[in-house]
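Visitor: Let me give you the structure first, and then I'll get to my questions.
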Amino acid sequence: MPRKLKPWQGVMLQRISVPMMFARLSFAATALSLFAMANTATASDPGKKACATEARSLCPAEMKSMSRKKVEACMIAKIDQTSAICHAAMLQIKAQREVAFKH
């Protein structure tokens, strides 16, 4: 039976099991690392940042699906509607897909 907390102790001092604490920490660490990787990729490649903005308007359904492959396929299909920076990035992605498909 969990012990009753005094009003001044607040919710933050609740006891949680070790496995639950590990699960929460693992989730937080994973989310933080994914966020850091996304920011690094976006910051290092201006084409990806430009394409992300354009993908929200050109491919909203694919963006909601959270599927990178679907978003890339949609953007490649609508490549003529993209900016010059995004166009170059999408051509590079298209070439990478073609090389991967051949192997």
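Visitor: Full extension from K102 to A77: what is 0.36 nm times the residue separation minus their Cα-Cα distance, to one decimal in nm?
Guide: The K102-A77 span can extend by a further 7.0 nm.
Visitor: Residues with beta-carbon under 13 Å from that of E62, excluding E62: net charge, scoring Lys, Arg +1 and Asp, Glu -1?
Guide: Around E62, the surrounding residues sum to +4.
Visitor: Apply the Karplus parameterisation 6.51 cos²θ - 1.76 cosθ + 1.60, with θ equal to phi minus 60°, to every residue of the range 73-84 and state each ³J(HN,Hα) to the nearest whole Hz, in sequence, with x for glycine and proline.
Guide: Using θ = phi - 60°, the values come out as 4, 5, 5, 5, 5, 10, 4, 5, 8, 9, 6, 4 Hz.
Visitor: Now for a separate question. Would you please put 85-94, 64-73 in order of how densely packed they are, using the mean number of other Cβ atoms within 10 angstrom per residue and starting with the highest?
Guide: Those peptides, ordered most packed to least, come out 85-94, 64-73.
Visitor: Sticking with this structure for a sec: Leaving out same-chain residues fewer than 8 places away, which lysines sit with a Cα under 19 Å from that of K102?
Guide: Correct list for K102: K69, K94.
Visitor: For C51, C74, what ranking results if the residue with the fewest other Cβ atoms within 10 Å of its Cβ goes first?
Guide: So the ranking, lowest neighbour count to highest, is C74, C51.
Visitor: Turning to a different aspect of this structure: Computed FRET efficiency, Cβ-Cβ of R24 and K4, R0 25 Å: what is it to the nearest 0.05?
Guide: 0.65
Only the coordinates and a few stated rules stand behind these numbers; no lab work does. This is a predicted model, so every value here is computed, not measured. Don't worry about glycine lacking a Cβ; one is built from the backbone with ideal geometry, like all the others, and counts go over all protein chains shown.
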